[in-house]
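Structure first, then comments.
The values are calculated or read from the model by the stated rules, or taken from the named source; none is laboratory data. Only a predicted model underlies this, so the values are computations on that prediction, with no experimental measurement involved. Quick reminder, even Gly has a Cβ in these numbers, built from the backbone with ideal geometry, and neighbours come from all protein chains shown.
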Amino acid sequence: MSTATPPNTPPRESQPKRGVVGAVRDLIHQTSGPLTRELIRTPGKFGLGQVPAKLEPDSATDMVCGYCSTGCSLRIHLRDGEAVNLSPATKYPVNLGMACPKGWEALSVLDAPDRATTPLARGASGGLEPVSWDAALREFCDRFKEIGDEHGPESVAFLSTGQLMTEEMALLGAVGKFGMGVVHADGNTRQCMATAVTAYKQSFGFDAPPYTYQDFEESDVMVLVGSNLCVAHPIMWERVLRNPHSPEIIVVDPRRTETAMAATTHLSIAPKSDLTLFYALAHILCREGWVKRDFIDAHSNGFDDFAAFVADYTPERAAEASGIPVETIERVAAAIAHGKRVSFWWTMGVNQNYEGVRIAQSLINLALMTGNLGRPGTGANSITGQCNAMGSRLFSNTTSLFAGRDFESDHDRAQVSSLLGVPIDAIPTQRSWPYHQIIEGIRSGKIRGLWVICTNTSHSWIHQGDARELLDKLDFLVVQDMYHTTETAQQADLVLPAAGWGEKEGTFINSERRLGVAKRVRKPPGEALPDFSIFRLVGEYWGVGDWINRWSSPEAALGLIKQLSDGTPCDITGIGDYAPIDHAGGVQWPCVEPAEQVEQQRRLFEDGRFYHEDGRAKFLWDPPGAMPEPPCDDYPYLLLTGRGAASQWHTQTRTGKSPVLRKLYPAGVYVELHPDDASKLGVGAYDLVRVASRRGELEATAFLTPTVQRGQVFIPMHYESVNRLTLAHFDPHSHQPSYKDCAVSLTPVGRKAKR
Amino acid sequence: MTAISNNQQQTGPESRAAQHAEQQPGDLLRSLLEESRQLTAVERFAKAHDEGEPELASHYRDLIPLSAPGEGEQYAFEVDLDACSGCKACVSACHHMNGLDPGETWRAVGQLYGANGLPIIQHVTTACHHCVDPGCLNGCPTNAYEKDRETGIVRHLDDQCFGCQYCTMACPYEVPQYSPSKGIVRKCDMCHSRLSEGEAPACVQACPNEAIKISVVSVADAKAKAAAGEFLPSSPPPELTKPTTIYRGERPLPASLRAADADHIAPQHAHLPLVFMLVLTQASVGAVATGAVARWAGYEASAAGAMIAGTLAGLFGLALAPLHLGRPHLAFRSVLGWRHSWLSREAIVFGLYAPLAIGAAALAAMPWLRPIADPYLPAAVGGLLDSAIAFRAPIATELLAVLSGAAAVFCSAKIYQFTGRAFWLGWRTGAKFAGTAVVLGLSLMLAAAAAAEYAAGITSPLSLLIGAVTVATIVKLVYEATTLNARTNHSLALSSRLMTGQLQGPTVARFVAGGLGGVLLPVAVAACGVGSLAAAVLAVASFGLLLVGELLERYLYFAAVVPLRMPGGVKS
């Protein structure tokens, strides 16, 4: 196309001034000058279109984003090898040229003034004071060794993360568990994905999300449970909108979210009625004979018992529990039965639930009984949270031994010992406590020293007041983070300054099992070091042994990880090193052939074989249980927590550092409540309310909206105070905290000046 | 056993461990610190093409028009509300693809809430609406805005702008953003340079859901829609500027939808130089007018005092005005937009008023100045002055000064009325500005008269002045008090809430200062007796307090206004 507007700047702007006349004309009407030039755009090359001239790149490279599990690829605009800007990569099979605001802003948060630039130790004055790396690492080793010598090997623990690169978390797992001899180690993935892991392990025999993002485009019926894709995974929602089959989209969520708005059917169920509802759907499918008997018989165990179990779960019973009319439930069951390619998707609404594993499995059961697995557009699909939760699940070597192995298995330990050259007696023989038992261990005095890496326990852990008190009880708390200002770092005895995404190399594994490469495109500030380097130094100072020399670089670590994956369902022995993964546009596990020769979009179970020894999936179920703290007279509202805006990430340690992102979400904590409840309470819009639970209280701005149901309130999890309220209770199988059900009271504080 | 409890056994003798710790780790530390400074050699990896059309071109090809607008047409943003899921990628993409300053954004995403049987949450992406009749352009005193003839894109000339920020008030959509560091405003230019090359604007390219596109619209249609009030629920009346953005969707949006921030109030920027400039210039016009009347009535001494003081106040106020500019050295550009901008007209008319007021004050002071100055004046000048007075030059000057002053205050009022903000519409500005002139003019006259009586025993109708000041003050205060309890209009109600809530302090102070200065002290002046020192001091104090009260009134005028704006997000 062409238009009459000339490119960039009108010709007269580029004309040189002509003497006095020009100067006078400029005084009267100045169409060009230094301020105008600041915004000039110029062709950017590298497939970019126009870019700001002042940020014109001299080369470009693509790398995966370090926020969420979608795993978008970002094209980094480089000048002399250093990042000056970015835009979403266009040909990557995940994001197809798009990114959410967090991705767009990924570089800005690296420049924050509160980056940790040197190790900090708590000095005589009680404050954190800069120390040398050498002193910090000696202190690290001396203190943890002292504690171990005095209180035994189980007294030192570490908490890892889903935000590090796979190579880094693997080295941490090796150094921590085989070198330092740590027994108890878990990750913040316990807070987001443990339920999916356990559900898959029990049902399929391995932690194996079966789908590929292409399935979003190929379903004709999609059931989204506890998943607000529009806000939590905007780029996955992009894929849903690209679906050409006019899919029926059924959203199950107590709140009327953006995703619920866009659904064809929104089931605004009563919280924690999921299990009853999904059993009722199974009931209808059995009653009507809408089950794929041949698939069930060939590929699963336990269906008949399950069918007998759901006989009691009538649509009427589900209607009673959930508040959804019987006709709607019948209609949804019919949609699932008659869909040709039905997919079930869940996120934190299921995972962060005291019966989350069984809910996830109730969805897996529906997929199994309708034969919706292993075909395009189908699956029982857990949408992951963090950028490398999937890497953590397989290779962090925390609660399970590398690549889904078992610490308690002699065979597994022997394998790892020989693959990594680690003495077999250096490998702990017992399984680790999960996160909440480590926290409880502090209370009982069993855990005395804790190393927290790239997570923010003091903000994010459930029943926060208790967690903070317990962290203060520790003899020695080390926090390794990009920022020295996180709530947890503020409590630490020693802070180790870490490089962030963009300042280090490694791979992430996204929600659809795709490995993607991240590169070093910025220099870390001060003496901050890549986590990989910090772990190597810890190993070196600790004196863990010669075997650590094999972990000489992230890429060498990937070589070891590949060997560890050999013969497992997540076998990646074929992928090569970083360059082929990059060339292939990321590669999904398993991958036993060279990365560039495998299909870009692959799903599991196409052959109907699952990972249990008999190759069959299991139907698993339990009767639903009541929430432990339902609303009562004193605490009449049910508190739901969850993601606030697409521009916010978790405890905001990073997203809070971007001035643009900060403009895109509410600055302070707010509580969404129904207008009817508000008028009952005498609370006006934007009034301040005190929200109290049995454990703590906070003051929040009231936001009145009919999108939450009466009797329920919603507070986004990103605000520091919200976990003062939450009730520490957990799924018995996955040990994942149940963040979305506790009773609270609301009292107006009165109109108060808020700027 | 594990390493934590028996580390020594694992790592060998203590001496070896120590050696290990002192040498090797130090070397490794140095090499790792060194390594952390190195960047990935990206040559190893897939190389992006460095020529050809932008890789996203195939994605956005259908999102921009095939041809340029024809006669009577222009470009417009078209937003598919059903597709806008509120991710706000458009905002950050615009920021990065246009190289904006930290925190600077040209696009915003707000939310509408309500119910239509089922609850509704609707995100709304918004940027410049490239209006048919742009408020920014019409308000700009420097002609720093241009509406492109071919494309209709409203462009801002950054180097022409002198940072008065009036466009941030004149635009009903909060589009122009002021940058204190640069001293200018900037705004969305619809990525005109991209469009002209067949490339989509940043926001269009970056929306994962293809919710934003560029369309060609008929200007006549845009006008007709604006006249019919068709735009978007809970947004400013489109007839003000005739925005061209098209919001469409299959999901019906009831008119009852409310913006997420509809009930949110926050004090606005108080623009202190403007507060002083407005109050002092209005006091000046009032004092010169009152002084003129007094002089005609024969009270020459106090009239001269009031006119001199008033003129000085006005000059001081005008001198303060450039402080409000981001680039004060370009203040002369303020007159360039006289064809359309009330701000330019105000500058021009005050430019006329100032010398007239000086002249009127000087002529009024002549009876006292001449005896002092005559020995030094050439006879011809003295003769000239005599004949000027004989030809009634003082009255003519006074009449012209008062007329130009009134016209200038009228222009001041138009500046704010033009914005369409409810708190500033019609008499809500007119009454305040005129009231300030009357109250402060009379009060200055009273102070001058009381001082003259004390110092020189010159009598004047003090009780008449006291009565006038008191009545004028009471009327103005009562009028202002009615705005504290507005109910009918939502925007006015929010202003009331601000003044009785977050701005309660200044509000109370305003009424106390007004009541003391305009009622209590004038009565005390009367009680003190004519010609006393106390009366003179109290009269001056009365003026001082009234001035403080008017300054506070004007502070509230700016701070308690609720701007027109597009639906915003949740504010907390």
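Listing for the model above:
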quantity: Subset of segment B:339-364 (residues that are in contact (Cβ under 8 Å) with a residue 60 or more places away in the chain and surrounded by fewer than 18 Cβ atoms within 10 Å (Cβ to Cβ)); calculated: B:His340
quantity: Some residue of segment A:640-658 being in a helix (DSSP H, G or I) and either under 30 Å from B:Gly117 (Cβ atoms) or without any contact (Cβ under 8 Å) to a residue 12 or more places away in the chain (or both); calculated: yes
quantity: Conditions (1) in contact with a Ser or Thr (Cβ under 8 Å, 6 or more places away or on another chain); (2) more than 7 Å from chain A (Cβ to nearest Cβ); (3) of a type outside the set (Asp, Glu); number of the one not met by B:Ser58; calculated: (1)
quantity: Every residue from segment B:478-531 that is among the aliphatic types (A, V, I, L, M) and farther than 20 Å from B:Leu446 by Cβ; calculated: B:Val478, B:Ala481, B:Leu484, B:Ala486, B:Leu492, B:Ala493, B:Leu494, B:Leu498, B:Met499, B:Leu503, B:Val508, B:Ala509
quantity: Test: residue in segment A:537-557 that is of a type in the set (S, T, N, Q) and surrounded by 24 or more Cβ atoms within 10 Å (Cβ to Cβ); calculated: no
quantity: Segment A:32-75, subset facing chain B (nearest Cβ under 7 Å) and among the hydroxyl-bearing types (Ser, Thr, Tyr), residue farthest from A:Trp104 (Cα to Cα); calculated: A:Ser32
quantity: Within segment A:54-93, considering residues that are among the hydrophobic types (A, V, I, L, M, F, W, C) and touching a Lys or Arg at 6+ places or on another chain (Cβ under 7 Å), the one farthest from A:Glu596 (Cα to Cα); calculated: A:Ala83
quantity: Helices (runs of 4 or more DSSP H) wholly inside segment A:167-237 that include at least 3 residues being among the aliphatic types (A, V, I, L, M); calculated: A:194-204, A:229-232
quantity: Matching residues in segment A:89-148 - criterion: being basic (Lys, Arg) and more than 10 Å from chain B (Cβ to nearest Cβ); calculated: A:Arg115, A:Arg122, A:Arg143
quantity: Matching residues in segment A:313-355 - criterion: being without any contact (Cβ under 8 Å) to a residue 24 or more places away in the chain and charged (D, E, K, R); calculated: A:Glu316, A:Glu320, A:Glu327
quantity: Residue in segment A:64-83 that is among the β-branched types (Val, Ile, Thr) and either modelled with pLDDT under 95 or surrounded by fewer than 23 Cβ atoms within 10 Å (Cβ to Cβ) (or both) present; calculated: no
quantity: Helices (runs of 4 or more DSSP H) within segment A:341-442 that include 2 or more residues more than 30 Å from A:Ser300 (Cβ to Cβ); calculated: A:410-420
quantity: Filtered residues of segment A:226-254 (kept if more than 18 Å from the chain's Cα centre (by Cα), farther than 17 Å from A:Asn351 by Cα and not basic (Lys, Arg)); calculated: A:Glu238, A:Val240, A:Leu241, A:Asn243, A:Pro244, A:His245, A:Ser246, A:Pro247, A:Glu248, A:Ile249, A:Ile250
quantity: Matching residues in segment A:536-553 - criterion: being among the hydrophobic types (A, V, I, L, M, F, W, C) and within 9 Å of chain B (Cβ to nearest Cβ); calculated: A:Leu537, A:Trp542, A:Val544
quantity: Segments classed as helices (runs of 4 or more DSSP H), wholly inside segment B:325-405, with at least 3 members that are of a type in the set (A, V, I, L, M, F, W, C) and within 20 Å of B:Gly286 (Cα to Cα); calculated: B:342-364
quantity: Residue identified as under 26 Å from A:Leu640 (Cβ atoms) and not in a helix (DSSP H, G or I) among A:Arg255, A:Arg317; calculated: A:Arg255
quantity: Total residues in segment B:195-234, condition under 28 Å from B:Gly103 (Cβ atoms) and either within 11 Å of chain A (Cβ to nearest Cβ) or touching a Cys at 6+ places or on another chain (Cβ under 7 Å) (or both); calculated: 15
quantity: Condition check for A:Thr378: in contact with a strand residue (DSSP E or B) (Cβ under 9 Å, 6 or more places away or on another chain) and under 20 Å from A:Asn228 (Cβ atoms); calculated: no
quantity: Residue tally, condition in contact (Cβ under 8 Å) with a residue 24 or more places away in the chain and closer than 20 Å to A:Gly684 by Cβ, over segment B:482-495; calculated: 6
quantity: Subset of segment A:690-724 that is away from every other protein chain (no Cβ under 14 Å) and within 22 Å of the chain's Cα centre (by Cα) - its residue that is surrounded by the most Cβ atoms within 10 Å (Cβ to Cβ); calculated: A:Asn723
quantity: Single match in A:Asp566, A:Asp633 (criterion: at pLDDT 95 or above, under 27 Å from the mean Cα position of the chain (by Cα) and surrounded by fewer than 17 Cβ atoms within 10 Å (Cβ to Cβ)); calculated: A:Asp566
quantity: Qualifying positions in segment A:519-535 - assigned to a helix (DSSP H, G or I) and either more than 19 Å from B:Arg30 (Cβ to Cβ) or facing another protein chain (nearest Cβ under 7 Å) (or both); calculated: A:Ser533
quantity: Residue match in segment A:562-585 (condition: in a helix (DSSP H, G or I), within 9 Å of chain B (Cβ to nearest Cβ), more than 30 Å from A:Thr117 (Cα to Cα) and touching a residue at least 40 places away in the same chain (Cβ under 8 Å)); calculated: yes
quantity: Tally, over segment A:484-502, of residues that are assigned to a strand (DSSP E or B), in contact with a helix residue (DSSP H, G or I) (Cβ under 7 Å, 6 or more places away or on another chain) and within 11 Å of chain B (Cβ to nearest Cβ); calculated: 1
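Residue-wise test of (1) buried (at least 23 other Cβ atoms within 10 Å of the Cβ); (2) within 17 Å of A:Ser108 (Cβ to Cβ).
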{"position": "B:Glu78", "(1), (2)": "no, no"}
{"position": "B:Asp82", "(1), (2)": "no, no"}
{"position": "B:Val91", "(1), (2)": "yes, yes"}
{"position": "B:His96", "(1), (2)": "yes, yes"}
{"position": "B:Asp101", "(1), (2)": "no, yes"}
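Listed here are the residues, each with its yes/no results for (1) of a type in the set (S, T, N, Q); (2) at pLDDT below 95; (3) under 28 Å from the mean Cα position of the chain (by Cα); (4) at negative phi.
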residue: A:Ser409; (1), (2), (3), (4): yes, no, no, yes
residue: A:Gly421; (1), (2), (3), (4): no, no, no, no
residue: A:Glu440; (1), (2), (3), (4): no, no, yes, yes
residue: A:Asn456; (1), (2), (3), (4): yes, no, yes, yes
residue: A:Ala467; (1), (2), (3), (4): no, no, yes, yes
residue: A:Leu470; (1), (2), (3), (4): no, no, yes, yes
residue: A:Leu474; (1), (2), (3), (4): no, no, yes, yes
residue: A:Asp481; (1), (2), (3), (4): no, no, yes, yes
residue: A:Ala489; (1), (2), (3), (4): no, no, yes, yes
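Let's see how each residue does on (1) more than 10 Å from chain A (Cβ to nearest Cβ); (2) in contact with a Cys (Cβ under 8 Å, 6 or more places away or on another chain); (3) of a type in the set (S, T, N, Q); (4) closer than 30 Å to B:Ser58 by Cβ:
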residue	(1), (2), (3), (4)
B:Leu157	no, no, no, no
B:Pro172	yes, no, no, no
B:Ile184	no, yes, no, no
B:Ser193	no, no, yes, yes
B:Pro236	yes, no, no, no
B:Leu240	yes, no, no, no
B:Thr244	yes, yes, yes, yes
